[in-house]
Amino acid sequence: MSHTVEKIGGTSMSEYEAVRDNVVLKNGKDEDLYNRIFVVSAYGGLTDLLLENKKNGQPGVYGLFASTNDDDPWMERFNDVRKRIHDLNKEYFGDTEMLKEADAYIEARLDDAERCLTDLQRLCQHGHFELDAHLFTVREMLASIGEAHSAWNMAKLLQRDGVNARFVDLSGWKADGALPLDEMIKKNFAGIDFAKELPIVTGYSHCTEGLMASFDRGYSEMTFSRIAVITGAREAIIHKEFHLSSADPRLVGADKVVPIGRTNYDVADQLANLGMEAIHPRAAKGLRQSGIALRVKNTFDPDHAGTLITGDYVSEKPCAEIIAGRKGLYAIELFDQDMMGNIEKYDSGILHQISRFKAHVVSKDINANTIVHYVAGNLKTVNRIRNILEEKYPDAEIDVRKIAVVSAIGSDMKVSGMLAKSATALSSANISVLAVHQSIRQVDMQFVIDEDDYEQAVKSLHKALVEVHDHGDAICAA
């Protein structure tokens with residue numbers, strides 16, 4: 001177990017020289033260049049153009065192709081993708097022969113993809129073929145373009161700069177058939193000498209499981225995790241454009257947040273539940289079960305050790321390590337006088353509808369005659385869920401309101417009075433708490449609040465629970 005598997009995020013990938021110098025060449029340190037595997041994401045913003053904008057939902061090629069029979073909108077966005085890709089190639093390769101090679105490589109894939117979409121659209125104009133039956137394949141095909149582009153480019157750029165890099169393409173482009181993910185990895189890594197070659201691997205992997213069905217935009221994290229497990233890595237490392245810190249520095253202030261030195265996979269799961277993934281929970285599960293530690297590092301701060309995440313870590317002194325949260329959530333409240341004694345049936349029925357429309361449940365409340373689910377999803381989706389529930393439970397009162405959740409998270413928060421201290425901090429800031437959650441496991445406390453109070457709530461809890469301690473350079477064991 002002498003090698004590491006390292007994932008580079010999209011924003012970092014867009015800064016090739018920083019990645020080369022800080023991550024690959026380790027800022028000139030006299031360390032082994034090899035015995036590492038790099039799994040790369042698409043360049044920042046490219047997958048948004050190919051699929052949809054992750055933040056605002058604006059449709060990309062996939063979204064436009066899936067929602068209209070008119071080819072003009074999706075073809076126009078496809079041309080935007082082409083332009084973006086060629087602009088990136090020009091930025092990285094300049095006016096050189098390598099630019100022609102880079103353009104030719106990705107242009108072949110773009111041409112193939114465009115032909116597939118055009119032919120499929122024409123085919124589905126006939127009544128025997130339904131577009132919906134093919135959309136999952138379309139989504140995977142489009143997603144794979146971004147990672148194939150960035151991984152090929154990075155391998156070629158590193159070769160130019162004296163590194164024996166090797167492009168490893170897991171995208172399955174023009175493959176005869178799909179293999180299970182683990183078999184796909186074993187097949188493509190057979191014969192690679194990690195001590196002499198530096199594999200640059202696509203974050204997307206074509207496989208029988210269909211990664212996007214389970215992980216959607218988190219597919220690269222599953223590829224990264226399984227490569228670490230299958231190859232027996234000693235450590236998995238994620239390079240991001242920021243530190244995993246005690247709060248969002250844009251809200252609290254860069255001078256007030258503290259990098260997290262150590263934490264555990266429980267904390268990583270709580271962050272994922274709030275949409276602030278260090279790593280997807282199911283990707284983390286494989287690392288955790290295999291005893292592989294995960295390290296989160298800042299690409300632009302290479303001398304910092306980053307955050308080490310393990311399965312068994314517990315802070316020596318109980319404390320809140322991170323203040324995190326999520327805006328733009330909706331509370332779906334269902335009250336029915338007949339619920340008493342029949343809660344399970346109501347709850348399973350509501351959850352079925354939420355799952356049906358692919359909304360994510362962040363938390364929920366239950367009492368004798370009321371169930372409230374706090375869900376992530378757009379208003380259109382939430383209204384659809386509400387309409388179905390009104391039909392299913394005609395005697396119930398159903399209310400929907402926009403809310404936010406702010407949470408204090410830590411590997412050990414069994415501190416007497418922490419809940420009261422947190423509530424007092426919010427009250428002192430004139431923030432009304434709509435609901436509170438704290439489980440017996442005591443790794444997080446959640447406060448449901450009005451969305452307008454979100455930023456102030458994060459600041460108030462960080463000041464009360466984190467800034468009161470002297471952490472030195474990082475929140476770690478003490």
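The values are calculated or read from the model by the stated rules, or taken from the named source; none is laboratory data. Predicted model only: the values in this text are computed from it and were never measured. Using ideal geometry, Cβ is built from the backbone for each residue, glycine included, and neighbour counts are taken over all protein chains shown. The accessibility values were calculated without ligands, DNA or RNA, using every heavy atom of the protein model including side chains. Shrake-Rupley method; radii C 1.70, N 1.55, O 1.52, S 1.80 Å.
Using a Debye calculation, one point per C-alpha and no hydration shell, please list log10 I(q)/I(0) for segment 218-354 at q = 0.11, 0.12, 0.18 Å⁻¹ in order.
Treating every Cα as an identical point scatterer, log10 I(q)/I(0) equals -0.53, -0.61, -1.03.
Test of understanding: what is the full-extension gain from Thr118 to His134, defined as 0.36 nm times their sequence separation minus their Cα-Cα distance? Let's see the in-between values first.
Values: separation 16, 0.36 × 16 = 5.76 nm, distance 1.30 nm.
Length difference between fully extended and current span is 4.5 nm.
Pop the C-beta distance of Asn164 and Asp338 into the FRET formula with R0 = 60 Å and round what comes out to the nearest 0.05.
On the way: r = 70 Å, r/R0 = 1.16.
Between Asn164 and Asp338 the formula returns 0.30.
With N residues in the chain, what two-decimal value do you get for its Cα radius of gyration over 2.2 N^0.38 Å? Could you put the intermediate results ahead of the total?
Working: Rg = 24.0 Å, N = 478, 2.2 N^0.38 = 22.9 Å.
The reported ratio for this selection is 1.04.
Of the trypsin sites (Lys or Arg not before Pro) in segment 6-70, which ones lie in a loop per DSSP and count no more than 16 other C-beta atoms within 10 Å?
Working: sites: Lys7, Arg20, Lys26, Lys29, Arg36, Lys54, Lys55; in loops: Lys29, Lys54, Lys55.
Hits after loop and neighbour filter: Lys29, Lys54, Lys55.
Grab the beta carbon distance between Asp216 and Gln289, set R0 = 25 Å, and tell me the FRET efficiency rounded to 0.05.
On the way: r = 23 Å, r/R0 = 0.91.
Efficiency computed from Cβ-Cβ geometry: 0.65.
Report, ordered by chain and residue number, the lysines lying within cross-link reach of Lys174, taken as a straight Cα distance under 23 Å and ignoring same-chain residues fewer than 8 apart.
Cα-Cα hits under 23 Å: Lys100, Lys156, Lys186, Lys187.
When the Kirkwood hydrodynamic radius is evaluated over all pairs of different C-alpha atoms of segment 357-478, what value in angstrom, to one decimal, is obtained?
Details: mean 1/r = 0.0606 Å⁻¹.
One over the average 1/r among Cα pairs gives 16.5 Å for segment 357-478.
Could I have the simple spin-label model distance between Asp312 and His126, label points 7 Å from Cα toward Cβ, reported in nm to one decimal?
6.2 nm
Which percent, to the nearest 5, of DSSP beta bridges fully inside the chain are antiparallel? Working shown, then result.
Values: 43 of 70 bridges.
Here the share of antiparallel DSSP bridges comes out near 60 percent.
How far apart, in nm, are the 7 Å Cα→Cβ label points at Lys421 and Lys358?
For the pair Lys421/Lys358, the computed spacing is 4.3 nm.
Report the Stokes-Einstein translational diffusion coefficient (µm² s⁻¹, integer) for segment 278-352, Rh taken as the Kirkwood radius over Cα pairs, at 4 °C with viscosity 1.567 mPa s.
Working: Rh = 17.3 Å.
It comes out at roughly 75 µm²/s.
Using the Cβ atoms and a cut-off under 13 Å, what net charge is assigned to the surroundings of Ile237, where Lys and Arg are +1 and Asp and Glu are -1? Write out the running numbers ahead of the final one.
Values: positive: Lys7, Lys26, Arg36, Arg234, Lys240, Arg295, Lys297; negative: Glu6, Glu221, Glu235.
Net charge around Ile237: +4.
With loop defined by DSSP as not H, G, I, E or B, and exposure as at most 14 other Cβ atoms within 10 Å, which is the longest segment of the chain clear of exposed GluC sites (Glu not before Pro)? Please list the in-between numbers first.
On the way: sites that count: Glu31, Glu130, Glu316.
The segment 131-315 is the longest one with no such site.
Return the whole-Å distance between the Cα centroid of segment 91-166 and the Cα centroid of segment 169-247.
Between the Cα centre of segment 91-166 and that of segment 169-247, the gap is 18 Å.
Find the accessible area per residue for the chain; the probe is 1.4 Å, ligands and nucleic acids are left out, and the unit is Å². Kindly include the intermediate steps, with their values, before the conclusion.
Working: 21710 Å² over 478 residues.
Here the residues of the chain average 45 Å² of exposed surface.
Between Ala435 and Lys83, what is the spin-label point distance in nm, taking each point 7 Å from the Cα along the Cα→C-beta axis?
Label-label distance for Ala435 and Lys83, simple model: 4.5 nm.
Calculate what fraction, in whole %, of the accessible area of the chain sits on carbon and sulfur atoms when a 1.4 Å probe is rolled over the protein chains. Mind showing how you got there, number by number?
Values: 10190 of 21710 Å².
The value for the chain is 47 percent carbon and sulfur by accessible area.
Given the -39500 (n - 2.57) contribution per DSSP H run of 4+ residues, what per-residue ellipticity at 222 nm results for the chain, rounded to the nearest 500 deg cm²/dmol?
-12500 deg cm²/dmol
Translational diffusion coefficient of segment 43-99 at 4 °C, 1.567 mPa s, Stokes-Einstein with Kirkwood Rh over Cα pairs, in µm²/s as a whole number.
Working: Rh = 12.1 Å.
Once the numbers are plugged in, D ends up at 107 µm²/s.
FRET efficiency for Leu379 and Thr96, Cβ-Cβ distance as r, R0 = 51 Å, nearest 0.05?
Details: r = 49 Å, r/R0 = 0.96.
Here the calculated transfer efficiency is 0.55.
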